[in-house]
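In what follows, a single structure is set out as structure tokens and then discussed.
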Amino acid sequence: MSLVALACDWYARNRETLTAVDALLGGGLLTWGALRQQPLRLPRRNRPRRSDPAPTSTEMFSQAIEQIGSAKLAVCLGGIHTLDRIARQSRPDHGAVTEILAALIRQRAPWPDPTAAATASIHDAAAAPSSYRWQRSADVVAALDVIIRRRAADGIAADARLNLTRTNLAGASLRQAPLHGADLFAANLTEADLAAADLSQADLRRACLRRANLVGANLSGANLTGSNLTQANVRAADLTGATISWADLSGAILYAANLSGATILEARFSGANLHRADLRGARLGDCDLNAAQLGGADLSGARLERVSLRGAVLGRSNLSQTFLYGADLTAADLQAANLRRADLSWADLSGADLAWADLSDAILYGAKLIGARLTGADLRRADIRTADLTGACIDDAVLRDAIVLTPANSDVKPGATPRAAE
């Protein structure tokens, strides 16, 4: 039998088996071709998730506003931190963030009554309405912290004015805070820590700063009209050019403070410590400085019109060319003070101690020196016309070239022997 016949016979006997194999191979080839045409698809559980697009600044702002309005503290704090992140990432949004957080503080820590703020104390806060108390709520503290941090890090724009008017910030920690130009009208800052803070050009009218710590603070050009600074520590603070009219600084510590060029009308400084204070060129009209401590202070060129300095200590202070017209210096201590060329016309110096004071070229026209002590005082070329020297002690006083024309009823102490100038 030929090979062809054998092959045909074998195919006839195995036809069914070969058909199944052909089908299997054909299906495999078709599947392979399909896979070549389409990408591999993984099961849904193993498929990587597509990342959502990052929220826009507008969306973050909207979300943050909704959060800070929440009554839930955690949600509100989340909104505050979101606004902090927006301000860090976008400098142009800093002003808007500050305004929003300042509004939150005004809403959550209000102090609408300036009269109450002027008399309030952190120790008797329980007597005030609950909405006025400084409760140190976490949202207010966080908002204030963000504002201070952002202003310190980003600087303060010329038109950026922080509005914290009528807010209750008693006892707040604001050390070295950048509050330049801030609006703190009628704010309650009782016992607040403002040491070394920048409050230059700030509006502090009718603000309460009782017992506040203002050591080394910058208050140059600030408006403190009607403010309450009783017993405040303003040591070494810069108050150049400040307006402090109708303010109460009774018992305040102003040691070595710079008040040069300040405008101070009808303010109270009774019992205040102004040792070594700089008051050059300051204007103090109708102020109460009774029992104030002004030893070693520099008041040269200052205008102290009709001020009351009864019992004040001015020993060794510089009052050269100071305008003291009509001032009340009854029983004041002016030992060794420099009053050269000072204008003391119609001033009341009854019982004052002017021992060894320099009154050369001073104007004492019509002044009351009843019972005053002028021992060793230098009155050369002084104008003492119509001055009342009744009972005054002028032992060893220098009266060379002085213009003396005392009233007929004057009674200079018997035995007084004015010393001739060398």
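The values are calculated or read from the model by the stated rules, or taken from the named source; none is laboratory data. All figures in this text were calculated on a predicted structure; none of them were measured in a lab. Here the Cβ positions follow ideal geometry from the backbone for every residue, glycine too, while neighbour counts run over all protein chains shown. For accessibility, only protein heavy atoms count, side chains too; no ligands or nucleic acids. Shrake-Rupley method; radii C 1.70, N 1.55, O 1.52, S 1.80 Å.
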List pairs: first in the stretch 370-396 and within 20 Å of ARG341 (Cβ to Cβ), second modelled with pLDDT of 95 or more and charged (D, E, K, R), Cβ under 6 Å, 6+ apart or cross-chain?
ASP378/ASP358; ARG381/ASP361
Considering only residues that are under 17 Å from LEU339 (Cα atoms), small (Gly, Ala, Ser) and open to solvent by less than 10 Å² (accessible area, probe 1.4 Å), which ones fall in the stretch 258-285?
ALA277, ALA282
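Please report, ordered by residue number, the helices (runs of 4 or more DSSP H) entirely within the stretch 65-137 with at least 2 residues that are at pLDDT 85 or above and crowded, with 17+ Cβ neighbours inside 10 Å.
The qualifying helices (runs of 4 or more DSSP H) are 73-89, 94-108.
Return yes when LEU184 is buried (at least 24 other Cβ atoms within 10 Å of the Cβ), modelled with pLDDT of 95 or more and closer than 21 Å to ILE148 by Cβ and no when it is not. I'd like the intermediate steps shown before the answer.
Details: buried (at least 24 other Cβ atoms within 10 Å of the Cβ): yes; modelled with pLDDT of 95 or more: yes; closer than 21 Å to ILE148 by Cβ: yes.
The answer is yes for LEU184.
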Failed condition for ALA172, given (1) under 13 Å from the mean Cα position of the chain (by Cα); (2) over 24 Å from ALA256 (Cβ atoms); (3) open to solvent by 10 Å² or more (accessible area, probe 1.4 Å), with all others met?
(3)
For the stretch 286-305, check the following and say yes or no: at least one residue is open to solvent by less than 10 Å² (accessible area, probe 1.4 Å), in a loop (DSSP other than H, G, I, E, B) and among the hydroxyl-bearing types (Ser, Thr, Tyr).
no
Restricting attention to the stretch 187-212, and to residues there that are closer than 17 Å to ASN163 by Cα and either among the charged types (D, E, K, R) or in contact with a His (Cβ under 8 Å, 6 or more places away or on another chain) (or both), which single residue is surrounded by the fewest Cβ atoms within 10 Å (Cβ to Cβ)?
GLN201
So, GLY351, is that one free of Cβ contacts under 8 Å to residues at least 60 places away in the same chain, open to solvent by less than 20 Å² (accessible area, probe 1.4 Å) and not in a strand (DSSP E or B) or not?
no
Odd one out for PHE323, checked against (1) open to solvent by 10 Å² or more (accessible area, probe 1.4 Å); (2) closer than 22 Å to ASN273 by Cβ; (3) touching a Lys or Arg at 6+ places or on another chain (Cβ under 9 Å)
(2)
Is at least one residue of the stretch 339-350 more than 19 Å from ILE363 (Cβ to Cβ) and not aliphatic (A, V, I, L, M)?
no
Among (1) in a strand (DSSP E or B); (2) within 18 Å of ASP298 (Cα to Cα), which single condition is GLN321 missing?
(1)
